Amino acid sequence: MKLDVTTLANETAGQIDLDESIFGVEVRRDILHRVVTWQLAKRRSGTHKAKGRSEIVGTTKKAYRQKGTGRARRGNLKTNIMRGGGVVHGPLPRDHAFDLPKKVRALGLKCALSAKAKDGKLVVLETAKAETHKTKPLVEQLVKLGWDNALIIDGAEIDTQFERAARNIKGVDLLPQQGANVYDILRRDRLVLTRAAVEALEARLK
């Protein structure tokens with residue numbers, strides 16, 4: 001699969017051969033769903049907590065006498081049916097993560113890359129480098145390119161100037177190639193890979 005390489009100045013910089021086994025596989029929605037669910041489950045903090053009856057601070061004194069009041073029999077006021085009482089079977093801190101085979105994770109990344117290539121939403125960039133750390137010049141370049149909602153993936157190291165310039169741009173995310181993942185690829189309309197990112201991803205997924 002051949003694809004034109006562009007620059008930030010919106011000029012053509014030759015072509016690149018993309019590996020069909022990575023950028024041309026069958027897009028399986030079930031695999032994408034599994035990988036995204038796995039990613040989001042890992043991100044959950046799991047710190048939700050409700051106090052049970054034994055954890056509520058309060059007196060255990062009997063609220064009022066057992067008989068003769070015409071009211072329900074009542075012990076202490078920490079029971080779940082009383083205001084301020086404990087919660088029955090409430091949430092407890094736990095880890096929401098679950099295991100997913102490496103082969104499924106790799107296939108999910110291939111499917112995400114192939115989906116963008118199939119939809120014509122994959123762009124290969126010569127280099128992601130900026131002459132200044134200021135945001136305005138980069139925004140002007142991205143507007144000319146039509147990248148208002150994009151994920152840009154660079155090689156192992158991201159250019160410091162480019163990273164600072166892209167930090168405040170709404171709708172644009174920036175990742176090194178080792179951070180490439182299914183969720184971030186799918187949540188943005190356009191996927192932009194540098195030459196270095198393509199080489200690294202092909203080496204990683206072969």
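Descriptive notes on the structure:
- Tally of residues being over 19 Å from the mean Cα position of the chain (by Cα) and open to solvent by 30 Å² or more (accessible area, probe 1.4 Å) across segment 189-201: 3
- Residue in segment 179-188 that is open to solvent by 30 Å² or more (accessible area, probe 1.4 Å), of a type in the set (Lys, Arg) and under 17 Å from LEU3 (Cβ atoms) present: no
- Positions within segment 89-122 being among the charged types (D, E, K, R), surrounded by 13 or more Cβ atoms within 10 Å (Cβ to Cβ) and over 18 Å from the mean Cα position of the chain (by Cα), in sequence order: LYS118, LYS121
- Matching option when the condition is over 25 Å from the mean Cα position of the chain (by Cα) and in contact (Cβ under 8 Å) with a residue 60 or more places away in the chain, among GLN66, GLN141: GLN141
- Qualifying residues in segment 52-81 (those that are among the β-branched types (Val, Ile, Thr) and out of contact with any Gly (no Cβ under 6 Å at 6 or more places or on another chain)) - the one farthest from PRO93 (Cα to Cα): THR69
- All positions within segment 36-85 that are of a type in the set (Ser, Thr, Tyr) and either outside any helix (DSSP H, G or I) or open to solvent by less than 100 Å² (accessible area, probe 1.4 Å) (or both): THR37, SER45, THR47, THR59, THR60, TYR64, THR69, THR79
- Of all residues in segment 99-115, those that are within 14 Å of ASP30 (Cβ to Cβ) and in contact (Cβ under 8 Å) with a residue 24 or more places away in the chain have Cβ atoms under 6 Å from Cβ atoms of residues that are open to solvent by 60 Å² or more (accessible area, probe 1.4 Å) and outside any helix (DSSP H, G or I), 6 or more apart or on another chain, in CYS111/ARG28.
- Residue list for segment 141-162, restricted to those being within 30 Å of THR37 (Cβ to Cβ) and surrounded by fewer than 20 Cβ atoms within 10 Å (Cβ to Cβ): ASP148, ASN149, ALA156
The values are calculated or read from the model by the stated rules, or taken from the named source; none is laboratory data. Predicted, not measured: the structure shown is a model, and the values here were computed from it. Note: ideal-geometry Cβ built from the backbone for every residue, glycine included; neighbour counts use all protein chains shown. Heavy atoms of the whole protein, side chains included, go into the accessibility calculation; ligands, DNA and RNA do not. Shrake-Rupley method; radii C 1.70, N 1.55, O 1.52, S 1.80 Å.
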